[in-house]
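Enquirer: Before I ask anything, let me first share the structure, which is written out below as structure tokens.
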Amino acid sequence: MTFPLSITKEAIAQLPLIKFDGPIHVINDHKEMFRAIKKLKKQKIIGFDTEKKPTFKKGQYHPTALIQLSTATEVFLFRINKIGLHEDLILLFESDKIAKIGVGMRGDLMELKQIRTFTQNKCIDLNDLMPTLGVKKIGIRNLVAILLEKRVSKNQQVSNWENSVLTRSQQQYAATDAWVCYEMYVLLLEKGYIQRK
């Protein structure tokens, strides 16, 4: 497989939509959180993303509301606006045994460190990795189109992630964003573009 180094918006618009259709676990309390982390600790690779309530006024700030972590088959949505950024979640980010894969991770991690300070380990940002392979267009939409030949929907991006209950379409959107990061990284490993660190 060789992939294109760039892609146009028009070409992306022609691609089929991709969405995660496995189990999505919305984590609202610590009991659910411990159960989820137990599963995640057994993984070698997890996809990562975050969401926060959008700001529409200058000077407004909302902390991260949701952390999405994905395995090959299931996605966990940690509602940290409800359960906080727990020590056990931090330990996942600090683990040097689990690769955490995201797009635009630097900003996401900086936001999380506004809540609690930690030192991340083995966090791989595809926005940094892909240019080393010659790719000119980064960002989740471009990278999913280039590597997976699919299109991700952005229709829930500016929805309210602090809602008391996340809608099914919010859950699907959030899960997909983390899962495609996992899928893209595994594909790069399988095709020999990168070596497992």
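Enquirer: Given the structure, is GLN171 within 13 Å of the chain's Cα centre (by Cα), surrounded by fewer than 22 Cβ atoms within 10 Å (Cβ to Cβ) and either of a type in the set (S, T, N, Q) or part of a helix (DSSP H, G or I) (or both)?
Expert: yes
Enquirer: Here's another thing I want to ask about it. Here are some conditions: (1) at pLDDT 95 or above; (2) of a type in the set (Gly, Ala, Ser); (3) more than 20 Å from VAL103 (Cα to Cα). GLY47 meets all but one. Which one does it not meet?
Expert: All conditions are met except number (3).
Enquirer: What residue, of LEU92, LEU112, LEU188, LEU166, is farther than 23 Å from LEU5 by Cα, more than 13 Å from the chain's Cα centre (by Cα) and free of Cβ contacts under 8 Å to residues at least 60 places away in the same chain?
Expert: None of the others qualify; the one that does is LEU92.
Enquirer: Here's a follow-up. Starting from residues that are closer than 23 Å to ARG106 by Cβ and of a type in the set (Gly, Ala, Ser), keep the ones in the stretch 131-163 and report whichever is nearest to the chain's Cα centre (by Cα).
Expert: So, considering only residues that are closer than 23 Å to ARG106 by Cβ and of a type in the set (Gly, Ala, Ser), the one nearest to the chain's Cα centre (by Cα) is GLY139.
Enquirer: Quick one: which residue in ASP88, ASP21, ASP49 is in a loop (DSSP other than H, G, I, E, B) and acidic (Asp, Glu)?
Expert: After ruling out the rest, the residue left standing is ASP21.
Yes/no per residue for (1) under 20 Å from ASP21 (Cα atoms); (2) aromatic (Phe, Trp, Tyr); (3) at pLDDT below 95; (4) assigned to a helix (DSSP H, G or I):
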residue	(1), (2), (3), (4)
ILE124	no, no, no, no
GLY134	no, no, yes, no
GLN156	yes, no, yes, no
VAL165	yes, no, yes, no
THR176	yes, no, no, yes
GLU183	yes, no, no, yes
VAL186	yes, no, no, yes
GLY192	no, no, yes, no
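Enquirer: Quick one: what pairs do we get from the stretch 28-55, first residue without any contact (Cβ under 8 Å) to a residue 24 or more places away in the chain and closer than 24 Å to GLN114 by Cα, second hydroxyl-bearing (Ser, Thr, Tyr) and in a loop (DSSP other than H, G, I, E, B), C-beta under 7 Å, 6+ apart or different chains?
Expert: Partner pairs satisfying both residue conditions: THR55/TYR61.
Enquirer: If you don't mind, there's one more thing I want to ask. Quick check on the stretch 20-28. Is at least one of its residues surrounded by fewer than 16 Cβ atoms within 10 Å (Cβ to Cβ), under 17 Å from the mean Cα position of the chain (by Cα) and under 18 Å from LYS150 (Cβ atoms)?
Expert: Yes.
Enquirer: State all residues of the stretch 166-197 that are under 18 Å from ARG141 (Cα atoms), in contact with a helix residue (DSSP H, G or I) (Cβ under 9 Å, 6 or more places away or on another chain) and among the hydrophobic types (A, V, I, L, M, F, W, C); if no residue qualifies, say none.
Expert: VAL180, CYS181, MET184, LEU187, LEU188
Enquirer: For the stretch 15-26, check the following and say yes or no: at least one residue is closer than 22 Å to GLU111 by Cα and among the hydrophobic types (A, V, I, L, M, F, W, C).
Expert: yes
For every residue, the table says whether it meets (1) touching a Ser or Thr at 6+ places or on another chain (Cβ under 6 Å); (2) part of a strand (DSSP E or B); (3) polar (S, T, N, Q); (4) surrounded by 11 or more Cβ atoms within 10 Å (Cβ to Cβ).
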{"position": "THR2", "(1), (2), (3), (4)": "no, no, yes, no"}
{"position": "LEU5", "(1), (2), (3), (4)": "no, no, no, yes"}
{"position": "GLU10", "(1), (2), (3), (4)": "no, no, no, no"}
{"position": "LYS31", "(1), (2), (3), (4)": "no, no, no, no"}
{"position": "PRO54", "(1), (2), (3), (4)": "no, no, no, yes"}
{"position": "LYS58", "(1), (2), (3), (4)": "no, no, no, no"}
{"position": "TYR61", "(1), (2), (3), (4)": "no, no, no, no"}
{"position": "LEU69", "(1), (2), (3), (4)": "no, yes, no, yes"}
{"position": "ALA72", "(1), (2), (3), (4)": "no, no, no, yes"}
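Enquirer: Follow-up. What's the total number of residues in the stretch 91-109 that are surrounded by fewer than 22 Cβ atoms within 10 Å (Cβ to Cβ) and not in a helix (DSSP H, G or I)?
Expert: Of the residues in the stretch 91-109, 6 are surrounded by fewer than 22 Cβ atoms within 10 Å (Cβ to Cβ) and not in a helix (DSSP H, G or I).
The values are calculated or read from the model by the stated rules, or taken from the named source; none is laboratory data. Bear in mind that the values here come from a model prediction, so they are computed numbers and not experimental data. Reconstructed Cβ throughout: ideal geometry from the backbone, glycine too, with neighbour counts over all protein chains shown.
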